[in-house]
Amino acid sequence: MNTIIGQWQESGQRPESKDGRLLITIDGPAGVGKSTVAKKLAARLGYTYLDTGALYRGVAWKVRSSHVDPADSKQVEDLLSTTKLVLTAREQTLSVFVDAQDVTHELRSLDVSQLASTVAALPQVRQWLLPIQREFANEGGIVVEGRDMGTKVFPQADVKFFLDADPDIRISRRYRELHADDQQKNWDDLRREMTIRDDRDRSREVAPLIPAIDAMMIDTSNLSIDQVLDHLTEVVSARQ
């Protein structure tokens with residue numbers, strides 16, 4: 001993908017919005033509810049919602065469908081040089097196109113999610129996706145969720161949140177989500193895979209999963225989605 005990268009895309013510092021529309025980041029591991037609350041917050045504010053995990057899953061989908069070894073950074077880098085990834089948003093619905101093919105509904109499988117965590121640890125992949133994410137959020141008025149939004153991708157975001165939860169609660173939420181999508185998964189296998197993914201995300205050298213220094217920490221273990229949403233809305237409203 002050829003992307004024109006201006007000063008904002010290079011530095012991560014967004015120009016001041018003329019209408020006061022903010023750039024909001026929500027980071028955290030899987031199972032904390034960040035996708036659901038990010039969508040609802042964007043809808044409540046009339047903002048655009050961006051799930052950056054979908055971008056990494058899009059790359060993972062391409063790696064898997066091309067039978068490329070995800071551990072071979074050179075192969076992955078060569079693959080990216082011939083890959084076009086487009087993200088569109090309409091009415092709070094995101095669509096991911098890889099080489100003009102809509103792969104949105106193929107990205108939520110556990111296999112793709114696990115592979116996405118592997119390719120996300122490659123510096124080449126993160127660097128390749130960086131300008132795409134920044135360009136998408138150029139105008140502000142956006143809620144972005146991921147794992148390094150407030151630390152690496154948008155260090156100058158207006159409002160930053162980091163959600164976390166008890167590991168067993170996170171696993172339970174992910175288990176219910178998979179079974180709701182007719183993806184049968186053994187509890188112990190899921191626990192092992194999520195633990196591996198957490199360790200990989202938190203220990204990678206490039207953009208590890210850690211809270212930004214200026215992020216507001218929220219434990220969602222005993223909170224409903226609406227309670228989390230109300231808390232985030234209150235914080236954002238104070239900044240507008």
Which ³J(HN,Hα) values in Hz, rounded to whole numbers, follow from the phi angles of the stretch 215-230 under the Karplus curve 6.51 cos²θ - 1.76 cosθ + 1.60, where θ = phi - 60° and Gly and Pro get x? 7, 7, 8, 9, 8, 8, 3, 10, 10, 7, 4, 5, 5, 5, 4, 5
Mean separation of Cα contacts under 8 Å (at least 6 apart) over the residue count of the chain, i.e. the relative contact order in percent, is 33 percent
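Just rank R147, R173, R239, fewest to most, by other beta-carbon atoms within 10 angstrom.
Numbers: R147 26, R173 17, R239 10.
So the residues, fewest neighbours to most, are R239, R173, R147.
Sort 23-31, 108-116, 159-167, 189-197 by packing, meaning the average of other beta carbons within 10 Å per residue, with the highest value first.
Numbers: 23-31: 25.3, 108-116: 17.4, 159-167: 21.2, 189-197: 15.8.
Top of the packing list down: 23-31, 159-167, 108-116, 189-197.
What's the extension gain from D214 to T88 if we count 0.36 nm per residue and subtract their Cα-Cα distance? Intermediate values should be presented prior to the final figure.
Numbers: separation 126, 0.36 × 126 = 45.36 nm, distance 2.94 nm.
Working it through step by step, the gained length comes to 42.4 nm.
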Sorting L79, L209 on the 10 Å Cβ count, fewest up front, what's the list? L79, L209
The set of residues whose placed amide H lies less than 5 Å from the amide H of F161, leaving out same-chain residues fewer than 5 positions away, is T25, I26, D27, M216
Trypsin sites (Lys or Arg not before Pro) within the stretch 43-87: which are DSSP loop residues with at most 13 other Cβ atoms inside 10 Å? K84
The stretch 205-214 - phi-based ³J(HN,Hα) in whole Hz, Karplus 6.51/-1.76/1.60, Gly and Pro as x: 6, 9, 6, x, 6, 9, x, 5, 4, 9
Taking Cα pairs closer than 8 Å and at least 6 residues apart, the relative contact order of the stretch 101-215 in percent is 38 percent
Can you tell me how the stretch 21-230 classifies by the Cα gyration tensor, rounded, prolate or oblate, using a/c under 1.5 as the rounded cut? rounded
Quick numbers on the stretch 149-240, Rg and Dmax over C-alpha atoms in Å, give 15.5, 45
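Any read-out appearing in this document is the output of simple, stated calculations on the displayed coordinates, not a laboratory observation. What you see is a predicted model, and the numbers here were worked out from it, not measured in a lab. Don't worry about glycine lacking a Cβ; one is built from the backbone with ideal geometry, like all the others, and counts go over all protein chains shown.
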